[in-house]
Amino acid sequence: MIIEGKDVHSTVREDVDVCIIGTGAGGATVARELARAGLSVVALEEGGAYFTRDFTGRIKDGFKRMYRNQGMDATTGIPSIVVPSGKCLGGTTVVNMGTCFRTPDAVLKKWVDEGLTDYEPARMAPYFDRVEEEMSVQPVKPEVMGRNGELVAEGAKRLGLHPHPIRRNVSDACKGCGNCAYGCTESAKQSMILNAIPEADKLGVKFYTDTRALDLVYDKEKITGVHGHVLDRETGAYRHGVDISAKVVVLAAGALHTPALLLKNGLCNRSGKVGKNLKLHLCVRTLGIFDEIVDSHHGVCQNLYIDDYLDQGIMLEATFTGPASQFVGLIGVGKELWDLTKLYRHMASIGIMISEQSSGRVRADDDANPFMTFAMGQEDAETLFKAMIISDRILFAAGAKMVVNGNFAVPRIMSAKDLDSLAREKTKPSDFLLAAFHPQCTCPMGVNPKKSVVSPTGLCHDLKNLYIADASIFPTSLGVNPQETIWALSTRIAEGIAKNVFDKRG
């Protein structure tokens, strides 16, 4: 049952086996798995419930309704980094681009070296197989690739690189309309509202939307329940109280709000790690301007990847969005910027993502609102600069007549001949116009309670019945888009809860 805030007329009181906070990739997966095991489950979601019928394809509607703070959350530090995230039933899965990667074997082996022996690649492979089947993960098809992906692939191959179609959680209904990040209008992208949540709903899970968890009620070593508020969706005003009694509580509010909730309640921080070591996957964009009309907005908005430099922490993904969000990545003022925007139909774009060495921190105010601090180090600036030069070469090799960078020191490059000398230039963190979309690592998993927040099962070291199932538990940055890893880890964590806590599975 999906219960929206407007339909709640008195204090909500529930007594269940499991209360889950958050309904994104982690929370919805756990809800479905535990419902399959026959447990009674309530899931709390601060955002509203929106479905295909509510999606207009207009960027402004998507950001207003389904993004937290209309997508403008940002870090404090130099440079400031915009970190958009979803706030709706289904979480960021509703507004991401559907990109799916398994956790790289090199990352899993690093986790194993840190003592997480259950996460070796061979043991994780069945979970990846399972979630890929359930979520309809498949490569982008040529007919919906779009010219942006084709051009980037052409340029990459001319340089001896190895582009691949991105794998995405979509059905065959995908028409390449490019609205992935604003709510899929074709019911093709298998976000949680089309996959895990409907099944969990049929199995009896109650999803309370417009409902914010605030207090984790505990008695010595155990959580006894969750207290929160039902809010007015339009104004954020308090409407009714929420009191959930539960044998187990699962935090799945994401790598920003999960640590904020723990910090606000003073829980699970014996290690001192809660909220620290924030990783973001720093991102910058490069644009190529072509003589031909490219119309990159036709086709899947994120469609191709180049991982030749992944061992150096660099991932390149052909990415293009509608004007309102694409132009945010342009550097310029006045007529210069205006003239550039008029070339929209002639643009192709590469999104650069690095697995950074720098780290930030999440803190919380008295209402459990997170705020991020992050200072990018010189090493990461140099990695981004190197990735930018590589991307520039790809675009010029594809036939671009000019390249536009998200770098204030070198915003425009007119010829590939300039790149050799440019590659020797110095850069600094403040030169970059940055965004980031994958917060992670703020409640790390580990075997040593003095160095981690949760055990390999997702159970908090300091409490007997509080679990975490989201990107906050990653011990290290992934280097690839995280949603498939969240599904796999959350499936495994839910299985453990059902078997070891409730003895529901053999």
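How many residues, within the stretch 162-186, are modelled with pLDDT under 95 and under 22 Å from GLY22 (Cα atoms)?
Selection size over the stretch 162-186: 5.
Looking only at the stretch 327-367, filter to residues that are under 30 Å from VAL274 (Cβ atoms) and touching a Pro at 6+ places or on another chain (Cβ under 8 Å); which one of those is surrounded by the fewest Cβ atoms within 10 Å (Cβ to Cβ)?
Restricting to residues being under 30 Å from VAL274 (Cβ atoms) and touching a Pro at 6+ places or on another chain (Cβ under 8 Å), the top hit is ARG363.
Report, by residue number, each residue of the stretch 305-344 that is of a type in the set (Asp, Glu) and assigned to a strand (DSSP E or B). Spell out the reasoning first.
Going through the stretch 305-344, the residues of a type in the set (Asp, Glu) turn out to be 307-308, 311, 317, 336, 339.
Matches in the stretch 305-344: GLU317 only.
Please state which one of ALA397, ALA375 is touching a Leu at 6+ places or on another chain (Cβ under 7 Å), more than 24 Å from ASN96 (Cα to Cα) and of a type in the set (Gly, Ala, Ser).
Working: ALA375 fails: touching a Leu at 6+ places or on another chain (Cβ under 7 Å).
Step by step, each of ALA397, ALA375 is checked, and only ALA397 is touching a Leu at 6+ places or on another chain (Cβ under 7 Å), more than 24 Å from ASN96 (Cα to Cα) and of a type in the set (Gly, Ala, Ser).
If only one of PHE385, PHE374, PHE396 is closer than 30 Å to GLY266 by Cβ, of a type in the set (Phe, Trp, Tyr) and either surrounded by 16 or more Cβ atoms within 10 Å (Cβ to Cβ) or over 20 Å from the mean Cα position of the chain (by Cα) (or both), which one is it?
On the way: PHE385 fails: closer than 30 Å to GLY266 by Cβ; PHE396 fails: closer than 30 Å to GLY266 by Cβ.
Within the list PHE385, PHE374, PHE396, the selection yields PHE374.
Among residues belonging to the stretch 269-296 that are on the phi < 0 side of the Ramachandran plot and touching a Pro at 6+ places or on another chain (Cβ under 8 Å), point out the one that is surrounded by the fewest Cβ atoms within 10 Å (Cβ to Cβ). Lay out the reasoning, then the answer.
Initial filter on the stretch 269-296 (on the phi < 0 side of the Ramachandran plot): 269-271, 273-274, 276, 278-280, 282-294, 296.
Applying the additional criterion that residues be touching a Pro at 6+ places or on another chain (Cβ under 8 Å) yields 270-271, 273-274, 278-280.
Working: ARG270: 13, SER271: 19, LYS273: 22, VAL274: 27, LEU278: 25, LYS279: 25, LEU280: 28.
Taking the candidates together, the pick is ARG270.
If you go through the stretch 280-304 one residue at a time, how many are part of a strand (DSSP E or B) and within 17 Å of the chain's Cα centre (by Cα)?
Quick first cut of the stretch 280-304, residues part of a strand (DSSP E or B) only: 282-289, 302-304.
Restricting the remaining residues to those that are within 17 Å of the chain's Cα centre (by Cα) gives 282-284, 302-303.
Going through the stretch 280-304 one residue at a time, the tally reaches 5.
Assuming SER455 fulfils every condition listed in (1) at pLDDT below 95; (2) out of contact with any helix residue (DSSP H, G or I) (no Cβ under 9 Å at 6 or more places or on another chain); (3) small (Gly, Ala, Ser) apart from one, which condition is it?
All conditions pass for SER455, except number (1).
Starting from residues that are aliphatic (A, V, I, L, M) and in a helix (DSSP H, G or I), keep the ones in the stretch 135-163 and report whichever is nearest to GLU186 (Cα to Cα). Step through it out loud before you land on a result.
In the first step, residues of the stretch 135-163 are kept if they are aliphatic (A, V, I, L, M); the result is 135, 137, 140, 144-145, 151-153, 156, 159, 161.
The next check asks that each one be in a helix (DSSP H, G or I); those that pass are 144-145, 151-153, 156.
Details: VAL144: 13, MET145: 16, LEU151: 26, VAL152: 26, ALA153: 26, ALA156: 31 Å.
Restricting to residues being aliphatic (A, V, I, L, M) and in a helix (DSSP H, G or I), the top hit is VAL144.
When you scan the stretch 479-506, how many residues do you find that are surrounded by fewer than 22 Cβ atoms within 10 Å (Cβ to Cβ) and either of a type in the set (Asp, Glu) or assigned to a loop (DSSP other than H, G, I, E, B) (or both)?
6
Could you list, in sequence order, all residues of the stretch 250-279 that are in contact (Cβ under 8 Å) with a residue 24 or more places away in the chain and more than 22 Å from the chain's Cα centre (by Cα)? Explain how you work it out, then say what you get.
Looking only at the stretch 250-279, we keep the residues that are in contact (Cβ under 8 Å) with a residue 24 or more places away in the chain, and these are 250-265, 267-271, 273-279.
Answer for the stretch 250-279, where residues must be in contact (Cβ under 8 Å) with a residue 24 or more places away in the chain and more than 22 Å from the chain's Cα centre (by Cα): LYS264, ASN265, LEU267, CYS268, ASN269, ARG270, SER271.
Is it the case, given these coordinates, that SER421 is among the polar types (S, T, N, Q), within 26 Å of GLY332 (Cβ to Cβ) and surrounded by fewer than 22 Cβ atoms within 10 Å (Cβ to Cβ)?
Values: among the polar types (S, T, N, Q): yes; within 26 Å of GLY332 (Cβ to Cβ): yes; surrounded by fewer than 22 Cβ atoms within 10 Å (Cβ to Cβ): yes.
Criteria met by SER421.
Being under 21 Å from LEU287 (Cβ atoms) and in contact with a Phe, Trp or Tyr (Cβ under 8 Å, 6 or more places away or on another chain) is true for just one of ILE331, ILE389, ILE354, ILE394. Which residue is that?
Values: ILE389 fails: in contact with a Phe, Trp or Tyr (Cβ under 8 Å, 6 or more places away or on another chain); ILE354 fails: in contact with a Phe, Trp or Tyr (Cβ under 8 Å, 6 or more places away or on another chain); ILE394 fails: in contact with a Phe, Trp or Tyr (Cβ under 8 Å, 6 or more places away or on another chain).
Within the list ILE331, ILE389, ILE354, ILE394, the selection yields ILE331.
Determine which member of the set VAL447, VAL454, VAL480 is more than 16 Å from the chain's Cα centre (by Cα) and closer than 26 Å to ASN195 by Cβ.
Values: VAL447 fails: closer than 26 Å to ASN195 by Cβ; VAL480 fails: more than 16 Å from the chain's Cα centre (by Cα).
Of the residues listed, the single one that is more than 16 Å from the chain's Cα centre (by Cα) and closer than 26 Å to ASN195 by Cβ is VAL454.
State which residue is nearest to ALA31 (Cα to Cα) when the search covers only the stretch 167-226 and only residues that are surrounded by fewer than 17 Cβ atoms within 10 Å (Cβ to Cβ) and basic (Lys, Arg).
For the stretch 167-226, the residue satisfying everything is LYS202.
Restricting attention to the stretch 401-424, which residues are in contact (Cβ under 8 Å) with a residue 40 or more places away in the chain and either assigned to a loop (DSSP other than H, G, I, E, B) or closer than 19 Å to GLY155 by Cα (or both)? Please lay out each step first, then the result.
Filtering the stretch 401-424 down to residues in contact (Cβ under 8 Å) with a residue 40 or more places away in the chain leaves 401-408, 411.
LYS401, MET402, VAL403, VAL404, ASN405, GLY406, PHE408, PRO411, listed by residue number.
Looking only at residues that are basic (Lys, Arg) and either more than 28 Å from ASN303 (Cβ to Cβ) or not in a loop (DSSP other than H, G, I, E, B) (or both) in the stretch 101-134, which one is farthest from the chain's Cα centre (by Cα)? Steps first, answer last, please.
Just the residues of the stretch 101-134 that are basic (Lys, Arg), to begin with: 102, 109-110, 123, 130.
Still in the running and either more than 28 Å from ASN303 (Cβ to Cβ) or not in a loop (DSSP other than H, G, I, E, B) (or both): 109-110, 123, 130.
Working: LYS109: 22, LYS110: 22, ARG123: 24, ARG130: 20 Å.
Top of the filtered list is ARG123.
Quick check: anything in the stretch 78-92 of a type in the set (A, V, I, L, M), surrounded by fewer than 17 Cβ atoms within 10 Å (Cβ to Cβ) and free of Cβ contacts under 8 Å to residues at least 40 places away in the same chain?
Scanning the stretch 78-92 turns up no residue that is of a type in the set (A, V, I, L, M), surrounded by fewer than 17 Cβ atoms within 10 Å (Cβ to Cβ) and free of Cβ contacts under 8 Å to residues at least 40 places away in the same chain.
Only one of PRO370, PRO411 is touching a helix residue (DSSP H, G or I) at 6+ places or on another chain (Cβ under 7 Å), outside the structural domain of ALA31 (by TED's automatic domain parsing) and farther than 19 Å from MET353 by Cβ. Can you tell me which? Explain how you work it out, then say what you get.
Working: PRO411 fails: touching a helix residue (DSSP H, G or I) at 6+ places or on another chain (Cβ under 7 Å).
Within the list PRO370, PRO411, the selection yields PRO370.
With the condition kept exactly as written, say whether any residue in the stretch 420-427 is under 24 Å from the mean Cα position of the chain (by Cα) and not assigned by TED's automatic domain parsing to the domain that holds VAL226. Give the derivation first.
Keep residues of the stretch 420-427 that are under 24 Å from the mean Cα position of the chain (by Cα), which gives none.
No, there is no match, as no residue in the stretch 420-427 is under 24 Å from the mean Cα position of the chain (by Cα) and not assigned by TED's automatic domain parsing to the domain that holds VAL226.
Quick one: in the stretch 17-64, which of the residues that are polar (S, T, N, Q) and crowded, with 24+ Cβ neighbours inside 10 Å is nearest to the chain's Cα centre (by Cα)?
Let us first name the residues in the stretch 17-64 that are polar (S, T, N, Q), namely 23, 29, 40, 52, 56.
Okay, now just the ones that are also crowded, with 24+ Cβ neighbours inside 10 Å, so 23, 29.
Values: THR23: 13, THR29: 15 Å.
In this case the residue turns out to be THR23.
Looking at (1) farther than 21 Å from ALA324 by Cα; (2) surrounded by 19 or more Cβ atoms within 10 Å (Cβ to Cβ), find the lone condition where TYR67 falls short.
(1)
Restricting the search to the stretch 76-91, which residues are part of a loop (DSSP other than H, G, I, E, B) and within 16 Å of the chain's Cα centre (by Cα)? Write out each step before concluding.
At the first step, the residues of the stretch 76-91 found to be part of a loop (DSSP other than H, G, I, E, B) are 77-80, 83-85, 87, 89-90.
Passing the criteria: VAL83, PRO84, SER85, LYS87, LEU89, GLY90.
Go through the stretch 238-268 residue by residue and tally those that are at negative phi and assigned to a helix (DSSP H, G or I).
First pass over the stretch 238-268, keeping only residues at negative phi: 238-253, 255-265, 267.
Narrowing further to those that are assigned to a helix (DSSP H, G or I): 255-265.
Summing the residues that are at negative phi and assigned to a helix (DSSP H, G or I) in the stretch 238-268 gives 11.
Looking only at the stretch 207-226, count how many residues are in contact (Cβ under 8 Å) with a residue 40 or more places away in the chain and more than 24 Å from the chain's Cα centre (by Cα).
Here is the first cut: in the stretch 207-226, the ones in contact (Cβ under 8 Å) with a residue 40 or more places away in the chain are 207-216, 218, 221-223, 225-226.
So of that shortlist, the ones also more than 24 Å from the chain's Cα centre (by Cα) come out as 215-216, 218, 221-223, 225-226.
Result for the stretch 207-226: 8.
The values are calculated or read from the model by the stated rules, or taken from the named source; none is laboratory data. Predicted model only: the values in this text are computed from it and were never measured. Glycine gets a Cβ as well: all are built from the backbone with ideal geometry, and neighbour counts include every protein chain shown.
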